[in-house]
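Worksheet: one structure, shown below.
Please treat every number below as a calculation from the coordinates, not as lab data. If you're wondering where the values come from, they're calculated on a predicted model, not measured in any experiment. In this analysis, Cβ positions are derived from the backbone assuming ideal geometry, glycine residues included, and neighbour counts consider all displayed protein chains.
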Amino acid sequence: MKITSLNIPDVLLIEPRVFEDGRGYFFESFNAKTFAEVTGLSLQFVQDNESASKKGVLRGLHLQSPPYAQGKLVRVVSGAVFDVAVDLRKHSPHYGNWCGAKLTAENKHQMYIPPGFAHGFAVLEDDTVFSYKCTDYYHRESEICLRWDDPDIGIAWPLTSPIISDKDRLHATALSKFDSPF
């Protein structure tokens with residue numbers, strides 16, 4: 001397993017060791033002991049989520065406030081996404097900055113996003129299946145939605161006219177109006 005910090009050091013790009021031959025491939029998508037040894041993080045994931053989307057969908061930017069904040073380990077099962085994390089930790093030198101990576105079924109890369117970060121992704125291929133492990137349960141009342149297109153964040157999304165949910169279009173907060181609980 002290879003771990004690389006993105007431009008925000010606490011967000012990790014994880015490249016698992018993949019064994020391929022004429023029959024196909026095998027890899028461990030998660031091993032708690034190896035993850036802890038390699039990252040120094042001993043996490044308990046309590047909920048797994050999966051979504052399927054068509055090309056052009058953009059989901060995010062989402063997070064949950066404490067005490068229900070979630071760390072997420074995300075990956076693509078089929079298809080491809082551009083995955084993004086935005087640092088919302090008040091005292092971080094990276095507050096309001098974003099980092100991202102292309103995750104695909106082919107490259108099998110994963111991204112770990114700690115609590116205190118908003119998360120979103122743009123779907124790059126039809127029939128994309130996105131999977132993520134969470135360190136806390138979904139708690140509707142704690143959900144926060146930031147504007148995916150906020151110019152103060154300035155994410156360079158690879159989509160020109162994304163398909164956005166009503167929640168993300170109508171109920172998202174601008175970073176300038178956001179009072180971070182982190």
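Sort the following peptides by mean Cβ neighbour count (other Cβ atoms within 10 Å, averaged over residues), highest first: 9-17, 174-182.
Highest mean packing first, the order is 9-17, 174-182.
Would you work out which of 116, 52, 135 lies farthest towards the positive end of the dipole of region 44-177? Charges go on Cβ: Lys and Arg +1, Asp and Glu -1.
Going by the charge dipole, the pick is 116.
Taking the Cα centre of the chain as origin, sum charge times position over the Cβ atoms of Lys and Arg (+1) and Asp and Glu (-1), and report the length of that vector in debye to the nearest 20.
100 debye
Once you have the Cα-Cα distance between residue 26 and residue 50, take 0.36 nm times their residue separation minus that, and quote the gain in nm to one decimal.
6.6 nm
What number, in percent, do you get for the relative contact order of region 44-177 if the mean sequence gap of Cα pairs under 8 Å and at least 6 apart is divided by its residue count?
Answer for region 44-177 is 38 percent.
For the pair residue 43/residue 160, report the inter-label distance in nm, with labels modelled 7 Å from Cα in the Cβ direction.
A separation of 3.6 nm, rounded to one decimal place.
With springs only between Cα atoms under 10 Å, which of 32, 69, 80 fluctuates most in a Gaussian network model of the chain?
Between 32, 69, 80, it is 32 that shows the largest mean-square fluctuation.
Hey, got the dipole for region 94-182? About the Cα centre, +1 on K and R Cβ, -1 on D and E Cβ, debye to the nearest 20?
It comes to approximately 160 debye.
May I ask you to order 135-141, 145-151, 84-90 by the average number of other C-beta atoms within 10 Å around their residues, highest value first?
Packing order, densest peptide first, comes out as 84-90, 145-151, 135-141.
Tell me the volume per residue, in Å³, of the convex hull enclosing the alpha carbons of the chain.
119 Å³
Between residue 169 and residue 91, 0.36 nm times their residue separation minus their Cα-Cα distance comes to what?
The residue 169-residue 91 span can extend by a further 25.3 nm.
With springs only between Cα atoms under 10 Å, which of 64, 47, 110 fluctuates most in a Gaussian network model of the chain?
47
For the cross-link pairs 133/167; 72/108; 72/102; 55/133; 2/90; 108/133, which exceed 18 Å when the distance is taken from alpha carbon to alpha carbon?
133/167; 55/133; 2/90
Stick to the Cα atoms of region 1-77, pair each with every other, and give me the Kirkwood hydrodynamic radius in Å at one decimal.
The Cα-based Kirkwood calculation yields 15.2 Å.
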